[in-house]
Every structure is written in structure tokens, then in C-alpha cells.
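Quick notes on the structure that follows.
The values are calculated or read from the model by the stated rules, or taken from the named source; none is laboratory data. Predicted model only: the values in this text are computed from it and were never measured. Glycine also receives a Cβ, built like all others from the backbone with ideal geometry; neighbour counts cover every protein chain displayed.
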Amino acid sequence: MGKLIRAEFLKLRKSLGYKVLFLCAMGLGLFVGFLTAYVVNDFADVAGMGELGITFTTNGFMMLKNLINDTQTNVILISIFSAIFISGEFADRTYGIALYSGVPRWKVLASKVSVYLIAILPMIVIYPVSGMLAAASRYGFGTVPDDLLLLCLRCLLGFAAVAGFCVLMSVLIKNVGGVIGACIGGTSALTILNLFPKLEPAAKFSFMYQLAQIGSGGWMFLGVMIVTLVVSLVLAAVLFERAELK
Amino acid sequence: MSETVFTAQNLTKKYKQLRALDDVRMEVRRGDIYGFVGENGAGKTTLIRVLAGLAAPSGGQITLFGKDSNLAKERRRIGGMVESPAVYPNFTAKENLEVCRLQRGIADKGSIQRALETVNLTYTGKKKAKNFSLGMKQRLGLAMALLGDPEFLILDEPVNGLDPAGIMEFRELLRKLNAERGITILISSHLLGELFQLATNYGFIHRGKMLEQITLAELNAKFKKQLYIRVDDAPKAASLLAPEKLEVECLPANILRISGGPPSNAGLVRTLVSGGVAVEEVVLRGEALEDYYMSLIGGRH
């Protein structure tokens, strides 16, 4: 298993898609950070909004919290990465190389998913961190929020659940474009459900509903995310075990 | 009796209503170069995919190296190239082999260089596999299959798209691997002329059914011989040969094709000449593998 994971890290290191996504996340974070610190705040000052008590002043840690709560951007990044890293191998037919080398299917998927989950971490961290640094360049870091650690842990669990859902879509659909569409479309559809109060009793069991509560979610958040992650990965493993590979 | 490397017993693979493999029985013995013959869609690739673990059978059983359980473990002794070679397109040849080495758990890093040398692909440097020619990709696929010194090599249509020089080179390489390293080879192709120059055993599959398994010696013994005679007057020559009870067919350009086991070529020529027919050319030709396959499937496609 260790050597399989090393092989997956080698693939990750050579993945142009991953590098581009990482740079996009960093660039986007810097863009949002600088835009907020240097343009939006100045515009608000010019418009005299400060005199009305409306301020856009955002220090580093405030920006960090804001961007951690920006779940949709991270969902898009995770969806694209899962399509490239997991379903891309169906298109290249390279899963077969491991299988006719005598590697059991569960080991092939387990090593792939392990490295995938690890690789997501820097990608979802760089976005808020680069935004924080950009904002801090004008307003400083500010004070560390009391709930930052808890927020980060919720963020990790929440995005792990999203990643699990994307693994399932990747194994189910196998096609890169289809996986991106299904992941972004599926998560967007679940998000739209949140807009209908009548559907709330059912919608609150969806991971996208709970992801919207990332800043305040409690036990319900924890339960929904763990169940989503486990169920998605188990279903993906079953599908992969039965898949007809080319 | 030599050891069996692979057997299929009543192997069936269904895709909805289609039986891609229908009760197939097959046996590959150690040291064989097994030519797996069939037209497109006959079931060659399906059987190879089941053998390689890429697809599960709907029924029946396969054994690898005499074992019918824990086949994943036995597949460590196999090297394979199914359909067009699967390679990591953004990796160089060495990087592709490095991934394979790690997946197979091979400790010896020198095995990469040896595999590249075996297939004569040491010169590619930093060129990525996606920029390789088809021939180079085929050789890289073979190098990946050879990594870890497999005992059984499975090659599905390995010469598709290769130029004549590439085909010849590939054939010689496979012969060498079989002769020098004792690697058993299962090779499928619909290029029958190519297979005939290489294989020592044959399996003929048609519409999912295994029609026949035969050794090269048995195949040669079964081949019908045909005599082609070019004369100045083919209809007259045919009438002269009518009493001989042979299958005589008039072809264009005054050529007669005679089959059905002529008793003596010299005797036939004498009959024609004494009947006033000038014999310009006599050629004895054996039936080709294509003809044998077509006779097995009854000329159907």
C-alpha cells in the first residue's frame, strides 16, 4: 500500500491540472484580498459610506474567516480536481495497469483517494490564506478570532464530505467533463434547496445545507458530514469493484 | 505434460442480451506463443480483459498458474498490454515505468533501464508519452508489461498501427523473449499472416465461441495444398483434367486452381501437354491461416 501511495504522489507531482488549480486558488485569494482591501474600501470611503456607519475595512483574519465561509469556490476547485485526478485515469485507461499488475481493486482506489484527500488540503488552505495576506498588507492581521480553530476543523470535515461526494461522482460517471458538471450541478442543486423554507426539514440533512452552516454548525453538521463522507466512499468502492474497466 | 499457465472453463461474459463469450474453453501452456485468432468483435479482447482482471466473467471459471482463487496475487506474474497501450500521457517513458515499478512493488530501480533497453526505447529522454509515435507507445506499453520479468505476457492486438519494419521488429522481440526468457505469450490479432509467423499454438474464436485449439504442427498437417497452373487454354485444360476427379477452378489469365489432393504434379502436367495444352507455369501453394480460419467459420463474417 505504501508503494501505491508513493506512485499516487508521483502522479500528483506531475499533475499539471493540480498545479494550475493551486495557482488559481492562490490567485483568486490574492485578487479577492487586494480587491477588498484596496478598491472596495476606498470606494466605500469615497462614497461616504463610512459616515453612515457602513465599513468594508477587513483585516487579515476577518478576510480569512470570510474566505473559509466561501464554500462554493472550494466546491468548484474540489470538483475539478477530482475529475482530473480520479476520473482522468478512466479516460487514460491507466487503472488497468495496476489491475493487471495484480493490485486488488480496493487498494487501487484506497491509495488514490488517500492522496486525493491529502492533496485537497493545500488547495483549500491557500485560497483563504492568500486572501488573508493580501488584506493584511493594508490593515494588518487584526486579532485572532476565538472560533478560528473550530471553524478550520469544521471546514476540513465539510470539504472532506464534498470530496467524498466528488469521488463517488468520479467513479460513477468516469468522464472528466461529466464529473465536473455533475459535481458542480449536484452541489448547486442542493444549495438551491436551501432557498425553499418548506423543504428545510429534508434539506438540512444534505451536506450542502450543512456546509452553509459551516460557521455555526453543531452536532447535526458533524453527523451529516461524516455520514456523507462514509456513504460516498463506500458506494464509490462498491462501484469501482464492479466497474468494467477498459 | 507441460504446466498450464492459463485455463478457461465454460467462460461466459454477457452484456445484456449479447454473449460476448459463450462457454469458452481455452488452455495456454508454459512456453507457448498462443495466437488468439478472431475477427473484430469475436471476443478476443473480452476474454483478455477477463483474464487481466479488468472485467468480471458472467459465468465459468479461469485459472492462472493452476490457481482458481486469489487471482489478483497470481496476476503479479503477468505482464499485459490490452488494446492500445495505456500510458500516463504527461509522463516520460522512465516516469511511466517508475509508476509501474512502484505499483508492482519492485525494489530494483535498475529494472526500468533494462526494460527500456529490451524494447529499444532508451533515447526518449524528457519527451512525454503523449508526444510518442504509435510505435513508441507500443514499445513503452511492452516495456511496462515486461517490468518485473513476468512469466506470462498478454498482448492484445500489439502490432495494430505499426509499420512493416515495426511489426517485424516487434515479432523478433517477442520470439526472443519466448526463447531466451521462457516467457509464455498470449497474443491476439486479426492480422493472421503476422500471427502465423510467430505462434506455436492457436485458438480460433468466432462470435464468442471457441471453435478450435490447435498446435502449429497440427495446423500445418491440416492445411490443404493447392496447385496453380498457367496454361494457354484454360477451358481445354479443365476438360482434360475432368476425369481426374479434382476440384478444378478456372481463374482469370488462363490460370487453373486445382485442389483436392492431385495425385502427382508431374502426372497432371503430362496429361495437359499430351492433350495439346501448353503449360507455362506451375506453382504449389499451401492454404493460408486466413483460409483455414474462413473454412472454420464457414466463410461467415
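I need every pair where a residue in the stretch A:94-122 that is facing another protein chain (nearest Cβ under 7 Å) has its Cβ under 6 Å from the Cβ of a residue that is basic (K, R), sequence separation at least 6 or different chains.
A:Y100/B:R75; A:S101/B:R104; A:G102/B:R75; A:G102/B:R76
In the stretch B:57-101, what residues are of a type in the set (A, V, I, L, M), surrounded by fewer than 21 Cβ atoms within 10 Å (Cβ to Cβ) and at the interface with another protein chain (Cβ under 7 Å from one of its Cβ atoms)?
B:A72, the sole residue that qualifies.
In the stretch A:110-155, how many residues are of a type in the set (A, V, I, L, M, F, W, C) and within 23 Å of A:R13 (Cβ to Cβ)?
13
For the stretch A:201-217, give me each residue that is touching a Phe, Trp or Tyr at 6+ places or on another chain (Cβ under 8 Å) and over 16 Å from A:L156 (Cα atoms).
Hit for the stretch A:201-217 is A:A203, nothing else.
Would you pick out the residues in the stretch A:75-119 that are over 30 Å from B:P85 (Cα atoms) and buried (at least 24 other Cβ atoms within 10 Å of the Cβ)?
Listed by number, the list holds a single entry, A:V75.
Could you list all residues from the stretch B:250-301 that are more than 14 Å from B:I229 (Cα to Cα), at pLDDT 75 or above and surrounded by fewer than 12 Cβ atoms within 10 Å (Cβ to Cβ)?
Scanning the stretch B:250-301 gives B:S274, B:G276.
When you scan the stretch A:218-227, do you find a residue that is in a helix (DSSP H, G or I), closer than 14 Å to A:R154 by Cα, small (G, A, S) and at pLDDT 85 or above, even just one?
Yes.
Out of B:T92, B:T63, I need the residue that is more than 14 Å from B:L147 (Cβ to Cβ) and more than 27 Å from the chain's Cα centre (by Cα). Which one?
B:T92
Kindly check whether there is at least one residue in the stretch B:107-124 that is within 12 Å of chain A (Cβ to nearest Cβ) and either under 26 Å from the mean Cα position of the chain (by Cα) or surrounded by fewer than 19 Cβ atoms within 10 Å (Cβ to Cβ) (or both).
There is at least one residue in the stretch B:107-124 that is within 12 Å of chain A (Cβ to nearest Cβ) and either under 26 Å from the mean Cα position of the chain (by Cα) or surrounded by fewer than 19 Cβ atoms within 10 Å (Cβ to Cβ) (or both).
Which of the residues that make up the stretch A:188-246 are within 14 Å of another protein chain (Cβ to nearest Cβ) and among the aromatic types (F, W, Y)?
Selection gives A:F240 alone.
Being out of contact with any Leu (no Cβ under 8 Å at 6 or more places or on another chain) and of a type in the set (V, I, T) is the filter; apply it to the stretch B:55-108 and report the residue that is farthest from B:G43 (Cα to Cα).
If we take residues in the stretch B:55-108 being out of contact with any Leu (no Cβ under 8 Å at 6 or more places or on another chain) and of a type in the set (V, I, T), then B:T92 is farthest from B:G43 (Cα to Cα).
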